[in-house]
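**Q** Below you will find the structure I want to go over with you.
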Amino acid sequence: MKSQSPSSSKIYMPLDFRKTYDQGTRTYDGMPGKNFWQNTCAYKIQVSMDPKTRTLQGKEWIEYHNNSSKTLYQILFHFYQDVYKKGSQRFIDIAEETNGIVLGKVIIDGDTVSKVQAYRANTFYLVSLHKGIKPSFSSKIELDWSTQIISKPVWREGFVDSTSAFVGYWYPKIGVYDDIFGWNWNCYNLKDEFYSPLSSYDVTISLPRGYLVWATGTLKNPENYPELIRKRIREVYDSEATIAIIDSSTNINPSEVGMEPWHFHADSVPDFAFSFSNHFLWEATATNLGSKKVLINTIYPKDRHEFILGLTNLVKTGMEIYSREDPGIVYPYPYFTSFYGCASGGMEFPMMAFDLITDYPGGINENIFIHEMLHSYVPFYLRTDETKFAWLDEGLTDFYTNKIIHHLKIDDSFVANQKLNDEKSLQGMKNLPLFAPTMFSDFSSLEAMWYFKPNQMYTCLEDVLGKETWKKCFAAFVDTWKYKSPETYDFIFFVENYTKRDLFWFWDAWFMHFGYPDLTLKNVENDKIIIENRGYLPIPFKVLTTDQSGISKELYYHADCWSGGRIFEIKMNTAKLSKIDIKCDLIDDFNDKDNHWERNSE
């Protein structure tokens, strides 16, 4: 094993993380270790949807591969739909409840699971096994179940109207068993997001004739579309133009749509979602990225048409910028679909997003559509644990969303106002170190701790490393950890070893300690300017000086000026200066009233 980097020998590490480095599943150079493993699943699901009753009837076969070094005597399932059952723990109030997952038979390796073997509570279903799953062996699981989809969207899923819905977290799903925590016992209560095994999916979805379905993966029976739709899709691929596949004047015979169950297949993804409608409009474009073309869809109701203008092409442009320019990581999938109707903001799924389309000005639609598309990279291609490390998931996505929005000079006044609220929520005890697990954030600090503060950290890190170095470093990190599950220390160690820099001072301040951005012009002496970092977080800043003849100069300091402590001295003859100002342009200073000095104020 390589010798520890400066940070790996100094930075705090809990024992459950330390053991993974001792066991060689992860390494102190930020790479997967020689003993790295991850358990995987292969799902085959047959499901029928009755829009009138909103009921899903499903049958599911799973092959679960135990690649760990331990024999597993239990399997943990997540029944996410159980969050809607009466008595379930919930982060927010909801207007309706359901029966959750109504479970039929469960068969594991030929044995029917008895009530004695199973424990069910909240969104968990834990099965004790008669025979353990040995290392390098697989278990075959069969389940029958049904569930009712809620009649209106609650945050992340639901019916948009009586015949249109986005269906997520809908099937019994095996939880993650990993090298750090074992089984992922994170209870879904409508707040925290997800962590799922790398899987393949073969899914057939039955709906009445006349319904179109959009889903994760590749449609294996495109003849379910009438010829008119197939023709327009071919035109999109050939021209890469933005084309209305279905507009308000398109006439389609319902009997020609969905003659068979819709059959989708996807490899190397952690989840599967689908959406459907018998009257939504459909706009599409395509882009050529490397060796493949990506089809980009927007699905929406007629009354949202004026508000989606340009958004399909915007997703395409954002995908091209991320794939070709910054950071230069090619979009990993063949499709991306935005489906209208989310109750608040948007929610990501592999190759799909459930998006809100508002009539508010100020860039919110643009922000949502780009943000949710970028989630295809994290947490799906880079398969992170959202339940614990939102800084690595939402923070990264927010950081690159902002970069694209600014690159395209899009008005983001609505989003900027939201960030002011985030800033206010970080002015007290709820401003936690970034290492604090995501599930410890409550509603009042969720936006700030998942998005705003991590965005600040990435902004500072890019400024310290330089844009080109950061871009290459991050692209290399994603290439190293794609389809795997990196955590906080993997990122820290990788950045240090890639850049050959000791950044302990940076990680320690941002991840392990309370802090906020606040610099103070502490004192001005004849031969120096003394600046204090009162908020503890290392941030970049500018010093603007004006002499008595009115000549101004500007000095820029990266955040690494704080690597030696909380006091920074600038050697300078100040005798002829009349005014000094500290400006924090990249990261706002929480209190800039103590950032100014004038000679006549002495």
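**Q** Based on the Cβ-Cβ distance from S549 to A475, what FRET efficiency comes out when R0 is 60 Å, to the nearest 0.05? Write out the running numbers ahead of the final one.
**A** On the way: r = 48 Å, r/R0 = 0.80.
The value I calculate is 0.80.
**Q** Roughly how tilted is helix 467-481, in degrees to the nearest 10 and between 0 and 90, from the longest Cα axis of the chain?
**A** 30 degrees
**Q** Under 15 Å from the 7 Å Cα→Cβ point of N573, by amide nitrogen: which residues of the range 504-528?
**A** 526-528
**Q** Next up: Which value in nm describes the separation of the simple spin-label points at E235 and D22, placed 7 Å from the Cα toward the beta carbon?
**A** 6.5 nm
**Q** Okay, moving on. Let me check the size of the range 190-300 from its C-alpha atoms; what are the radius of gyration and Dmax in Å?
**A** Over the range 190-300's Cα set, Rg and Dmax evaluate to 15.1, 43 Å.
**Q** How large are Rg and Dmax for the range 232-274 when calculated on the C-alpha trace, in angstrom?
**A** Every Cα atom of the range 232-274 included, Rg and Dmax give 14.6, 38 Å.
**Q** Relative contact order of the chain, please, whole-number percent, based on alpha carbon pairs below 8 angstrom and at least 6 residues apart. Each step should come with its number before you reach the end.
**A** Details: 1287 pairs, mean separation 68.5, N = 602.
Reported relative contact order: 11 percent.
**Q** Subtracting the Cα-Cα distance from 0.36 nm times the residue separation, let me have the gained length for E320 to D411 in nm, one decimal. Don't jump to the answer; show the numbers that get you there.
**A** Details: separation 91, 0.36 × 91 = 32.76 nm, distance 2.00 nm.
That works out to 30.8 nm of additional length.
**Q** Using unit Cβ charges (K, R positive; D, E negative) and no other charged atoms, how large, in debye to the nearest 20, is the dipole of the range 519-601 about its Cα centre?
**A** Details: 12 positive and 14 negative charges, 40 e Å.
Using only the charged Cβ atoms, the result is roughly 200 debye.
**Q** Angle, helix 453-465 long axis vs. longest principal axis of the chain, Cα atoms, 0 to 90°, nearest 10?
**A** Value to nearest ten degrees: 60.
**Q** Moving on to the next point. What FRET efficiency comes out for the pair R209/A95, r = Cβ-Cβ distance, R0 = 30 Å, nearest 0.05? Walk me through the numbers on the way to the answer.
**A** Values: r = 31 Å, r/R0 = 1.04.
Computed FRET efficiency for R209 and A95 comes out at 0.45.
**Q** To continue, here is another question. Across the chain, how large is the tail of the calculated P(r) beyond 34 Å, expressed as a percent of all Cα pairs? Don't skip to the end; give the middle numbers.
**A** Details: 83361 of 180901 pairs.
In whole percent, the share of Cα-Cα pairs in the chain beyond 34 Å is 46.
**Q** Okay, moving on. About its Cα centre, how strong a charge dipole does the range 37-209 have in debye, to the nearest 20, once Lys and Arg get +1 and Asp and Glu get -1 at the Cβ? Before the final figure, lay out the partial values.
**A** Working: 19 positive and 18 negative charges, 59 e Å.
Dipole size: approximately 280 debye.
**Q** Can you give the convex hull volume of the alpha carbon atoms of the range 37-209 per residue, in Å³?
**A** On the way: hull volume 19.6 nm³, N = 173.
With only Cα atoms used, the range 37-209 gives 113 Å³ per residue.
**Q** Just name one of A118, F380, Q81: the one whose Cα is farthest towards the positive end of the charge dipole of the chain (beta-carbon charges, Lys/Arg +1, Asp/Glu -1).
**A** The Cα lying farthest towards the positive end belongs to A118.
**Q** Which trypsin sites (Lys or Arg not before Pro) in the range 209-284 pass both tests, a DSSP loop state and at most 15 other beta-carbon atoms within 10 Å?
**A** Within the range 209-284, the qualifying trypsin sites (Lys or Arg not before Pro) (loop, at most 15 other Cβ atoms within 10 Å) are R209, K220.
**Q** Please rank M347, M429, M439, fewest neighbouring Cβ atoms within 10 Å first, as an exposure proxy. Walk me through the intermediate numbers first.
**A** Values: M347 23, M429 7, M439 16.
Arranged by neighbour count, lowest to highest, M347, M429, M439 become M429, M439, M347.
**Q** I would also like to ask the following. Expressed as an acute angle from 0 to 90° and rounded to the nearest 10, what is the orientation of the C-alpha long axis of helix 488-499 relative to the principal long axis of the chain?
**A** 60 degrees
**Q** While we're on this one: Would you work out the Kirkwood radius for the range 552-602? I mean one over the mean of 1/r across all pairs of different Cα atoms, in Å.
**A** On the way: mean 1/r = 0.0773 Å⁻¹.
Evaluated over the range 552-602, this radius sits at 12.9 Å.
**Q** By counting other Cβ atoms within 10 Å of each Cβ, how are Y557, Y498 ranked from fewest to most?
**A** Numbers: Y557 16, Y498 19.
Least crowded to most crowded, the residues run Y557, Y498.
**Q** Now, a different point. Give me the net charge of K19's neighbourhood, meaning all other residues with Cβ under 14 Å from the Cβ of K19; Lys, Arg count +1, Asp, Glu -1.
**A** Details: positive: R18, R26, K70; negative: D16, D22, D178, D179, E487.
Spelling it out: positives minus negatives among the neighbours equals -2.
**Q** Sticking with this structure for a sec: How far is it, in nm, from the label point at V102 to the one at H513 when both lie 7 Å from their Cα along the line to the Cβ?
**A** So the label points at V102 and H513 sit 5.8 nm apart.
**Q** Follow-up question, since we're still on this one. With the cut-off at 18 Å, report for the range 166-230 the share of all Cα pairs above it, as a whole percent. Kindly include the intermediate steps, with their values, before the conclusion.
**A** Details: 1134 of 2080 pairs.
The proportion of pairs with Cα distances above 18 Å equals 55 percent.
**Q** Another question about this same structure. Could you size up the charge dipole of the chain around its Cα centre, putting +1 on the beta carbon of Lys and Arg and -1 on that of Asp and Glu, and report it in debye to the nearest 20? Can you show the working numbers first?
**A** On the way: 63 positive and 78 negative charges, 272 e Å.
About 1300 debye.
**Q** Now for a separate question. Which percent of Cα-Cα pairs in the range 299-397 sits in each 5 Å bin, short to long?
**A** It works out to 3, 13, 24, 25, 19, 11, 5, 1, in whole percents.
**Q** If I model a spin label as a point 7 Å beyond the Cα along the Cα-Cβ vector, how far apart are those points for T218 and H305 in nm?
**A** About 3.4 nm separates the two model spin labels.
Every read-out reported here was derived from the displayed coordinates using simple, explicitly stated rules and does not represent laboratory data. Keep in mind that this is a model prediction, so the values were computed, not measured. A quick note on method: Cβ atoms are made from the backbone with ideal geometry, for glycine too, and the neighbour counts reach across all protein chains shown.
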